[in-house]
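The values are calculated or read from the model by the stated rules, or taken from the named source; none is laboratory data. No experiment lies behind these values; they were computed from the predicted model shown. Neighbour counts are summed over all protein chains in view; Cβ atoms, including those assigned to glycine, are modelled from backbone coordinates with ideal geometry. Only protein heavy atoms, including side chains, enter the accessible area calculation; ligands, DNA and RNA are left aside. Shrake-Rupley method; radii C 1.70, N 1.55, O 1.52, S 1.80 Å.
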Amino acid sequence: MLKVAVIGLGDISNIHLPAIKQSDNAQLVAVCDIDENYTNKVTNVPLYRDYQVMMDEVDIDCVHICLPHHLHYPATKAAVERGINVLLEKPLAHSKEDSRAIVALEEQHPHVKIAVCLQNRLNETVEELAAIIVSGKYGSITGLKGIVTWHRPKSYYESKPWRGSMKTAGGGVMINQSIHTLDLMQWIGGNIETIRGSVDRLLDYGFDVEDTATAHIKYENGATGLFFATISNAQNSSIEFQVLLEKAKLTIKDSILTIANEHGKKIKLLEDRKLTGSKFYYGASHAKLITNFYDQIIQDGDEYIHAKEGYISMEMIDLINQSSEKKQIMKMGVLQ
């Protein structure tokens, strides 16, 4: 039985805590948060205000880090240097520099596991889409499209001011709402050669993070990609992820995977499980990812999403921002 702790009891912990409770391989032994509003959120386990003290006083096998982005690196560092495995909520960090530092931690401490919650890779529709592509039945990838059109009111940032600041969040719609889509575009599409992007603030919210971003992506295999994300939509609409193959078109929309052949005939292949409630669009694969990570810790396995993999979408975000500022095409780095 793994001894598990959670650092950060905000919104995303509402996904992690039930998964821990339902696991046959984990026991929640401590939680940590400085916010007095969360004092009674979790009962029957010690509540700490300082995660360093918690790690020193409690025997922990794995810690879930559910903190604001700028706190990801220091908390990960504290855990890894104590030999504690880390399940890190996305994004890897708030900046490319801190993200590189977490990758360095992973390299320096090979016996400690750092997994990143990019759980949409484990959605049933994505797994089936990937399997179809790997089969080669419909030829090679020629194009990809990732579209995220969501809504976030001004109160979303006002309620938690760190979300609206580049210093603490590291960005807006790209790093918060659409990083999963960016991750899928590189994970499915393959190594990226160049990115040309543009970011904007279409909403009059007065924060310094972007609310809209677009990018044109060129892959080393010759495919091209289109990425578009915004929180200026009137509501949270379904994400659309599409892959064009030489002989077919695969589309995930409304959590349903369809395939259209070269004659345009569309067939439904399968549908994802969904979360209940208003945030169904998060997807339901967090528990699947958490369960798998626990298994890898117990078995000393390697089949999880490593920090090095989580870094790639962070570099994509950095290059889209740079491209927007410099008005030029940016070349992808070497950590792919």
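Using the Cβ atoms and a cut-off under 10 Å, what net charge is assigned to the surroundings of residue 301, where Lys and Arg are +1 and Asp and Glu are -1?
Cβ neighbours under 10 Å give a net charge of -3.
Considering just Cα atoms, how many Å³ per residue does the convex hull of the chain enclose?
Convex hull of Cα atoms, per residue: 137 Å³.
Considering only protein heavy atoms, with the full assembly of protein chains and a 1.4 angstrom probe, order 64, 70 by accessible area, largest first.
Details: 64 0, 70 55 Å².
My answer, sorted largest first, is 70, 64.
State the extension gain, in nm to one decimal, for the chain segment bounded by residue 194 and residue 11, taking 0.36 nm per residue of separation less the distance between their alpha-carbons.
Working: separation 183, 0.36 × 183 = 65.88 nm, distance 3.48 nm.
Between residue 194 and residue 11, full extension yields an extra 62.4 nm.
Could you give the nm distance between label points at residue 56 and residue 246, where each point is 7 Å from its Cα heading toward the beta carbon?
Taking the two extended label points, one gets 6.2 nm.
About its Cα centre, what dipole magnitude does segment 152-245 give when the only charges are +1 on Lys and Arg Cβ and -1 on Asp and Glu Cβ, stated in debye to the nearest 20?
Using only the charged Cβ atoms, the result is roughly 200 debye.
Can you give me the three principal axis dimensions of segment 178-332 from its C-alpha atoms, in Å, biggest first?
46, 45, 37
Taking a threshold of 31 Å on the Cα-Cα distance, which of the pairs 145/326; 265/288; 268/288; 145/265; 21/160; 288/326 fall above it?
Pairs exceeding the cut-off: 265/288; 288/326.
Which trypsin sites (Lys or Arg not before Pro) does segment 22-131 hold that lie in a coil by DSSP with at most 14 other beta carbons within 10 Å? All intermediate terms of the calculation are to be shown ahead of the outcome.
On the way: sites: 41, 49, 77, 82, 96, 100, 113, 121; in loops: 41, 49, 82, 113.
Qualifying residues, ordered by number: 49, 82.
Using a Förster radius of 25 Å, what is the FRET efficiency between residue 254 and residue 226 based on their Cβ-Cβ separation? Nearest 0.05, please.
The value I calculate is 0.80.
Once both labels are modelled 7 Å past Cα along the beta-carbon direction, what's the residue 1-residue 21 spacing in nm?
1.7 nm
Rank 136, 120, 105 by how far each Cα sits towards the positive end of the charge dipole of segment 91-155 (+1 on Lys, Arg Cβ; -1 on Asp, Glu Cβ) and give me just the farthest.
120
Can you check what the net charge comes to around residue 166, using other residues whose Cβ is under 10 Å from the Cβ of residue 166 (Lys, Arg +1; Asp, Glu -1)?
My count for the surroundings of residue 166 gives -1.
R0 = 30 Å: FRET efficiency of residue 214 with residue 104, Cβ-based, nearest 0.05?
Numbers: r = 31 Å, r/R0 = 1.05.
For R0 = 30 Å, the calculated efficiency reads 0.45.
Just subtract the alpha-carbon distance of residue 328 and residue 37 from 0.36 nm times their residue separation and send over the number in nm, one decimal.
100.2 nm
Using the Cα gyration tensor of segment 80-233, with a ≥ b ≥ c the square roots of its eigenvalues, what is the shape: rounded (a/c below 1.5), prolate (a/b larger than b/c) or oblate (neither)?
Details: a/c = 1.89, a/b = 1.10, b/c = 1.72.
In terms of gyration-tensor shape, oblate.
Which value, in Å to one decimal place, does the Kirkwood hydrodynamic radius take for segment 1-148 when every pair of different Cα atoms is included?
16.9 Å
What GluC sites (Glu not before Pro) does segment 195-247 have in DSSP loop regions with at most 12 other beta carbons within 10 Å? Spell out each step's value before the answer.
Details: sites: 210, 220, 240, 246; in loops: 210, 220, 246.
The qualifying sites are 246.
Viscosity 1.002 mPa s, temperature 20 °C: give me the Stokes-Einstein translational D for segment 1-69 in µm²/s, with Rh taken as the Kirkwood radius over C-alpha pairs.
D = 179 µm²/s.
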